[in-house]
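Visitor: One structure coming up, written as structure tokens, with questions to follow.
The values are calculated or read from the model by the stated rules, or taken from the named source; none is laboratory data. Computed from a predicted structure; not experimentally measured. Counting neighbours? That spans all protein chains shown, and the Cβs are built from the backbone with ideal geometry, glycine included. Areas reflect the complete protein model, heavy atoms only, side chains present, ligands, DNA and RNA absent. Shrake-Rupley method; radii C 1.70, N 1.55, O 1.52, S 1.80 Å.
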Amino acid sequence: MAGTITLTRDGVVATLTLSNPDKLNAFDKPMWHALIGHLAALEADEGTRVVVMRGGPGATGLRSFSPGADISEFESERNTPEQGAGYGDLMDEGLDGLRTLRHPVLAAIDGPCCGIGLAVALACDLRVCSESSRFGVPVSRLGISMGPTELKLVADVAGGPAALEILLEGRVFAAVEAKDKRLVHRVVADEGFEAEITATVQRIAAGAPLAATLHKHYVHRLSDPAPLDEAEIAECYRCFGTEDFREGYRAFLEKRKPVFTGR
């Protein structure tokens with residue numbers, strides 16, 4: 001059976017669930033198409049405050065985020081340089097859509113997170129993992145390299161020396177080492193994982209959505225050495241003309257929790 005990615009909503013929280021149960025949520029082509037479609041819907045959704053990306057349960061009950069690509073597709077879908085490049089374009093569209101989505105995206109990692117699964121997690125804004133999660137990029141064992149967009153994600157997050165260690169050795173390593181390499185923000189005991197994901201989502205959702213969008217945009221933009229132009233600087237300050245700004249400082253002065261509307 002082909003894999004899929006489902007989109008569910010609970011108030012201001014949207015959840016993208018990876019599902020390819022027989023293969024621990026390995027990414028296949030239908031999953032990339034599903035992801036791209038869901039991201040387009042989320043980009044247009046003004047009611048969402050935070051998106052959670054997570055893996056669904058495996059067929060045997062094993063937990064997994066995603067161990068990487070569905071290798072059974074390689075012969076039919078990625079068997080020539082031209083096919084590889086075309087499939088790479090599809091993956092790039094999904095990864096870029098995640099990275100640039102207007103809403104904050106939290107990767108809730110529980111179990112294996114390797115190869116393209118790791119690249120997907122790195123395209124998210126925050127990564128929280130369980131203690132038993134495992135990480136790595138063993139693609140050299142398949143005789144291939146990561147694509148340029150995936151490579152840049154690993155190098156940008158981990159740094160060049162750590163990225164080379166990860167890629168050249170191809171080891172699968174523990175969550176604590178993943179945090180040392182900056183691949184994840186927090187490692188949580190297995191029994192406290194779901195509670196920490198819930199608490200993290202609540203903290204993000206409590207903020208003003210425009211502020212989250214601006215923070216996400218400008219953290220990415222400022223990694224570019226090109227100076228901001230006047231329009232970009234002005235955009236950064238437009239929050240001071242919003243209803244949410246007035247609600248935020250009035251709530252602070254009145255010692256109450258703000259109620260943000262995204263306007």
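Visitor: Residue by residue through the range 61-103, note down the ones that are among the β-branched types (Val, Ile, Thr) and under 23 Å from residue 217 (Cα atoms).
Guide: Of the residues in the range 61-103, the ones among the β-branched types (Val, Ile, Thr) are 71, 80, 100.
Correct list: 100 only.
Visitor: List the strands (runs of 3 or more DSSP E) inside the range 73-153, counting only whole elements, that have at least 2 residues being under 22 Å from residue 45 (Cα atoms). Give the steps one after another, and end with the answer.
Guide: Details: elements: 105-109, 112-114, 126-130, 134-136.
Output list reads 105-109.
Visitor: Given the conditions (1) at pLDDT below 95; (2) aliphatic (A, V, I, L, M); (3) surrounded by 17 or more Cβ atoms within 10 Å (Cβ to Cβ), report the number of the one that residue 59 does not fulfil.
Guide: For residue 59, the exception is condition (3).
Visitor: Answer yes or no as to whether residue 198 is polar (S, T, N, Q), open to solvent by less than 90 Å² (accessible area, probe 1.4 Å) and part of a loop (DSSP other than H, G, I, E, B).
Guide: Details: polar (S, T, N, Q): yes; open to solvent by less than 90 Å² (accessible area, probe 1.4 Å): yes; part of a loop (DSSP other than H, G, I, E, B): no.
Judged against the criteria, residue 198 is not a match.
Visitor: Could you tell me whether the range 179-188 includes any residue that is under 18 Å from residue 123 (Cα atoms), assigned to a helix (DSSP H, G or I) and touching a Gly at 6+ places or on another chain (Cβ under 8 Å)?
Guide: no
Visitor: Pairs please, first residue from the range 145-167 and within 19 Å of residue 96 (Cβ to Cβ), second anywhere and of a type in the set (Phe, Trp, Tyr) and part of a helix (DSSP H, G or I), Cβ atoms under 9 Å, 6+ apart in sequence or on different chains.
Guide: From the range 145-167, the pairs are 147/87.
Visitor: Just to be sure before I move on: is residue 173 assigned to a strand (DSSP E or B) and either under 14 Å from residue 131 (Cα atoms) or of a type outside the set (Asp, Glu) (or both) in the structure I sent? Please lay out each step first, then the result.
Guide: Numbers: assigned to a strand (DSSP E or B): yes; either under 14 Å from residue 131 (Cα atoms) or of a type outside the set (Asp, Glu) (or both): yes.
Against the criterion (assigned to a strand (DSSP E or B) and either under 14 Å from residue 131 (Cα atoms) or of a type outside the set (Asp, Glu) (or both)), residue 173 qualifies.
Visitor: For the range 227-245, what are the residues that are among the hydrophobic types (A, V, I, L, M, F, W, C) and either farther than 20 Å from residue 257 by Cα or open to solvent by 80 Å² or more (accessible area, probe 1.4 Å) (or both)? Please lay out each step first, then the result.
Guide: Pass one, the range 227-245, residues among the hydrophobic types (A, V, I, L, M, F, W, C): 228, 231, 233-234, 236, 239-240, 245.
228, 231, 233, 234, 236, 240, listed by residue number.
Visitor: Quick one: is residue 84 within 14 Å of residue 144 (Cα to Cα) and in contact with a Gly (Cβ under 7 Å, 6 or more places away or on another chain)?
Guide: In short, no.
Visitor: Go through the range 246-255 residue by residue and tally those that are basic (Lys, Arg) and surrounded by 10 or more Cβ atoms within 10 Å (Cβ to Cβ).
Guide: Taking the range 246-255 as the starting set, the residues that turn out to be basic (Lys, Arg) are 246, 250, 255.
Okay, now just the ones that are also surrounded by 10 or more Cβ atoms within 10 Å (Cβ to Cβ), so 246, 250.
So the answer is 2.
Visitor: It is to be established whether one or more residues within the range 8-20 are closer than 26 Å to residue 173 by Cβ, of a type outside the set (S, T, N, Q) and buried (at least 22 other Cβ atoms within 10 Å of the Cβ).
Guide: Applying the first criterion (closer than 26 Å to residue 173 by Cβ) to the range 8-20 yields 16-20.
Imposing the further condition that a residue be of a type outside the set (S, T, N, Q) reduces the set to 16, 18.
Filter once more, keeping what is buried (at least 22 other Cβ atoms within 10 Å of the Cβ): 16, 18.
Checked the range 8-20: at least one residue is closer than 26 Å to residue 173 by Cβ, of a type outside the set (S, T, N, Q) and buried (at least 22 other Cβ atoms within 10 Å of the Cβ).
Visitor: Quick check, is residue 54 over 25 Å from residue 244 (Cα atoms) and in a strand (DSSP E or B)? Quick ask: steps written out before the conclusion?
Guide: Numbers: over 25 Å from residue 244 (Cα atoms): yes; in a strand (DSSP E or B): yes.
Criteria met by residue 54.
Visitor: If a residue must be closer than 21 Å to residue 25 by Cβ and open to solvent by less than 80 Å² (accessible area, probe 1.4 Å), how many such residues does the range 73-95 contain?
Guide: Of the residues in the range 73-95, 12 are closer than 21 Å to residue 25 by Cβ and open to solvent by less than 80 Å² (accessible area, probe 1.4 Å).
Visitor: Just one of 192, 143 is under 18 Å from residue 67 (Cβ atoms), open to solvent by 20 Å² or more (accessible area, probe 1.4 Å) and out of contact with any Gly (no Cβ under 9 Å at 6 or more places or on another chain); which is it?
Guide: Values: 192 fails: under 18 Å from residue 67 (Cβ atoms).
Exactly one residue qualifies, and that residue is 143.
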